[in-house]
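Single-structure report; data block below.
The values are calculated or read from the model by the stated rules, or taken from the named source; none is laboratory data. Since this is a predicted model, take the numbers as computed values, not measurements. Cβ placement follows ideal geometry from the backbone for every residue including glycine, while neighbour counts extend to all protein chains displayed.
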Amino acid sequence: MSSSRRALALLISAALLVPPAFAANVRHSSTSSHAGSATHKLSHTRHKSRRARGQQAIDPDRVTQIQQALVREHYLTAEPNGDWDSTTVAAMQKYQADHGWQTKLMPDSRALKSLGLGPDYSTALNANGSSFAAPPSNSTSPSQTAGFVEASGVHQ
């Protein structure tokens, strides 16, 4: 019996070791025979012509608004001209840094809101003639509180 167990153990060990020995390591190199093919060249040139995403420039009217706000806050001394130039960028970065915000090249939304240039909701569907009711008070009436205490079964 022990020889059959040994044979079985040897067979199982061999079965576990053999598959990795037959596994193929396939590597693609740029020196392969198809590297000069037209398909490879076309796919390579497609990667170079990627389209830029996101906002690439600020509208000149918006730049003028930002410059006017920066002048009002004493971060910019130049006359607003609608050009997102190095002086305007530096003023905006200083404003954002003074408030503890990031100083990337595009204005931070918090900085724009702080300058009074946040979103304009005046043209929203429900903006004209709407009135908002005051929120209900947070205080509960004594009878309501007594009802909760009674329903909970906890007596003081």
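Observations
- Listing of helices (runs of 4 or more DSSP H) fully contained in segment 70-156 that carry 2 or more residues being within 30 Å of Gly54 (Cβ to Cβ), over 33 Å from the mean Cα position of the chain (by Cα) and modelled with pLDDT of 70 or more: none
To keep it simple, each residue is scored yes or no on (1) loosely packed, with under 10 Cβ neighbours inside 10 Å; (2) at pLDDT 90 or above; (3) in a helix (DSSP H, G or I).
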| position | (1), (2), (3) |
| --- | --- |
| Ile12 | no, no, yes |
| Ser30 | yes, no, no |
| Ser33 | yes, no, no |
| His40 | no, no, yes |
| Ile66 | no, yes, yes |
